[in-house]
Amino acid sequence: MSVTVLVGCQWGDEGKGKIVDILSENYDIVTRFQGGANAGHTVEIGDNQYILHLIPSGILRNNVKCVIGNGVVVDPNALLEEIKLLKQNGINVEGRLFISHNAHLIMPYHKLLDSISESSKKKIGTTGRGIGPCYMDKYARKGIRIVDLLNKEILERKIRDNLEEKNTLLKKVYEHDGLDVDKIINEYIQFDKAIDKYITDVPLMLNNAIRDGKSILLEGAQGALLDVDHGTYPYVTSSSPTSGGACTGSGIPPNKITSVFGIVKAYTTRVGNGPFPTELANDEGENLRKEGAEYGATTGRPRRCGWFDAFLVSYSAMINGIDSVAITKLDVLGTFKTIKVCVGYKLNGKSLNSFPTDVEQLNNVTPVYESLDGWMEDISECKSYDELPQKTKDYLEFISDHANIKIEIISVGPKRKQTFTVN
Ligand code: GDP
Ligand code: IMO
Ligand code: MG
């Protein structure tokens, strides 16, 4: 029996989807515990590429059950679209997909309010999937949950109550015409038929599975620095992607978690706005984007790229309680003659002892770099740690020491076979 939490250790897009797909071979259940269709988890199998937004990446392995936990915010349209795409590719989700009755629903007004707030001056650069407004309603205790789909009268009443308030806000504050309440009620009533069969008492299911000795992988979305508490607030998402969120978002108690596994990209990327001390706004950054095909899997936006930030990853390892990590996209660094690694920050000439999450400070820090020789080789065909060039091993050792992480898995390409463990 093992219950492993898998988390992104930077600003998302570390390659979680690929590694979850690999690891899920050894798990009975894969569970998402936070976020929503803002995630874009890419898995390449043979010539096929799958981008999963809501359904755990374990769905691509037939023997694995997949769970959407209560901490996730579910957009029914996105969910049904994803189920349809999987079916078209011969992947059956029935009897394998389970959704918590306590997960909150993304409503049309959440997406509208997301886009309205993004048109203001203080842009976060969200994915526009309604994530922030949905979590706002959850914590304001006004949210509509999956369980509400099961009772038409309750669903209708809750939608009417919400729309009354939202339409007042839309009309009086945002000069918007407001949304048609009956249209939304009719649309959401239809979802019951399609989603009913997946609705499950997830905490009971997962705790029974643990009792029966089954293994569970908890798949985080986003990354630690996008965590609403521990990230670069306010330039964060509205959930808890750090390992602590795995318990509240699934109903698995903390003393049942057996390990925490981190996914770490061999350099750094970020989509959307907010501080990024090691960002390369130059040709090197452009090269990283080109070599790493760094474009958002959900929005297609170019990702901002920069050097590996060991100071940031060591903070992430502390906050998450990381036991070991997978280093992904190591192959992408193969054309760089010199590779820099940030080992600390200076603020007003003084070295900082701890990672500052305060945006004002982060915007003003100067990264302290050490330079390493690049290996200038294509390593995407390497099948083991021993086959890696010495300079690649030196790089791995350097980042492992400075970020305080134990490297267990290395990924040198998007495919399953481009992955090996460190002996
Ligand atoms: P996630 O959100 O953490 O699941 O990551 P994304 O799927 O958004 O972004 C990672 C991208 O890198 C995807 O296009 C993957 O196919 C790709 N990828 C994953 N691991 C590797 C790797 O080791 N090397 C290369 N070149 N690409 C990788
Ligand atoms: P995966 O799971 C990278 C970013 C957005 C924005 C901020 C808030 O694929 O790693 P939101 O729509 O969540 O309110 O946007 O968070 N963001 C991500 N960046 N990867 C993701 O997911 C992200 N999900 C949200 O770009 O800056
Ligand atoms: Mg992604």
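Rule-based calculations on the coordinates, nothing more; no lab input. The structure displayed is predicted, hence computed values, not measured ones. Cβ atoms come from the backbone with ideal geometry, glycine included; neighbour counts cover every protein chain shown.
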Subject >> Cα centre as origin, Lys/Arg/Asp/Glu Cβ charges: the chain dipole, Debye >> reply: 660
Subject >> 10 Å-binned pair-distance histogram of region 109-148 (Cα, whole percent) >> reply: 31, 48, 18, 2
Subject >> Phi-based couplings in Hz for region 94-111 (Karplus 6.51, -1.76, 1.60; Gly and Pro marked x) >> reply: 5, x, 10, 10, 10, 10, 5, 5, 9, 5, 8, 9, 7, 10, x, 5, 5, 5
Original post:
If you take the Cα Rg of region 30-143 and divide it by 2.2 N^0.38 Å, with N the number of residues, what do you get?
Top reply: 1.13
**OP:** Could you check how many percent of all C-alpha pairs in region 216-330 are farther apart than 23 Å?
**Re:** 31
Original post:
So what are the ³J(HN,Hα) numbers for region 146-157, from phi and the Karplus equation (6.51, -1.76, 1.60; θ = phi - 60°), rounded to whole Hz, Gly and Pro as x?
Top reply: 3, 4, 5, 5, 6, 10, 3, 5, 5, 4, 4, 4
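Evaluate the relative contact order of the chain (contact order divided by residue number), counting alpha-carbon pairs under 8 angstrom at least 6 apart; express in whole percent.
20
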Original post:
Taking every DSSP beta bridge that has both residues in the chain, what percent is antiparallel when rounded to the nearest 5?
Top reply: 40
**OP:** Considering only 69, 272, 46, give the residue with the highest GNM mean-square fluctuation for the chain, with springs between Cα atoms whenever their separation is below 10 Å.
**Re:** 46
Original post:
How large, in Å, is the chain by the Kirkwood hydrodynamic radius built from its alpha-carbon pairs?
Top reply: 22.1
Original post:
If you keep only loop residues by DSSP, which GluC sites (Glu not before Pro) in region 253-340 have at most 14 other Cβ atoms within 10 Å of their Cβ?
Top reply: none
Subject >> Max mean-square fluctuation residue, GNM over the chain, Cα-Cα springs under 10 Å, options 140, 266, 297 >> reply: 140
**OP:** DSSP loop (so not H, G, I, E, B), at most 15 other Cβ within 10 Å: list which GluC sites (Glu not before Pro) in region 359-402 pass both filters.
**Re:** 377, 381
Original post:
Sequence-distant or interchain residues sharing an amide H contact under 5 Å with residue 3, placed H: which?
Top reply: 216, 258, 259
Original post:
Which of the chymotrypsin sites (Phe, Trp or Tyr not before Pro) found in region 144-242 are in a DSSP loop and have at most 16 neighbouring Cβ atoms, other than their own, within 10 Å?
Top reply: 174
Subject >> Under 17 Å from residue 337, Cα to Cα: aspartates and glutamates that are on another chain or at least 8 residues apart >> reply: 283, 284, 286, 291, 370, 373, 377, 378, 394
**OP:** Using a 10 angstrom cutoff on alpha carbons, build the Gaussian network for the chain and name the most mobile of 167, 26, 48.
**Re:** 48
Original post:
Tell me, what ³J(HN,Hα) does each residue in region 25-35 have, in order and in whole Hz, if you take phi through Karplus 6.51 cos²θ - 1.76 cosθ + 1.60 with θ = phi - 60° and put x for Gly and Pro?
Top reply: 4, 9, 10, 8, 9, 10, 10, 8, 10, 7, x
**OP:** Can you spot the aspartates and glutamates whose alpha carbon is less than 16 Å from residue 138's alpha carbon? Ignore those fewer than 8 places along the same chain.
**Re:** 75, 114, 148, 161, 165
Original post:
What do you get when you divide the Cα radius of gyration of region 264-421 by 2.2 N^0.38 Å, with N the number of residues?
Top reply: 1.02
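Under the Kirkwood approximation applied to all pairs of distinct alpha-carbon atoms, what is the hydrodynamic radius of region 104-194 in Å?
Final number for the Kirkwood radius of region 104-194 is 13.6 Å.
Considering Cα pairs under 8 angstrom that are at least six residues apart, work out the relative contact order of region 104-194 and quote it in whole percent.
Result for region 104-194 is 25 percent.
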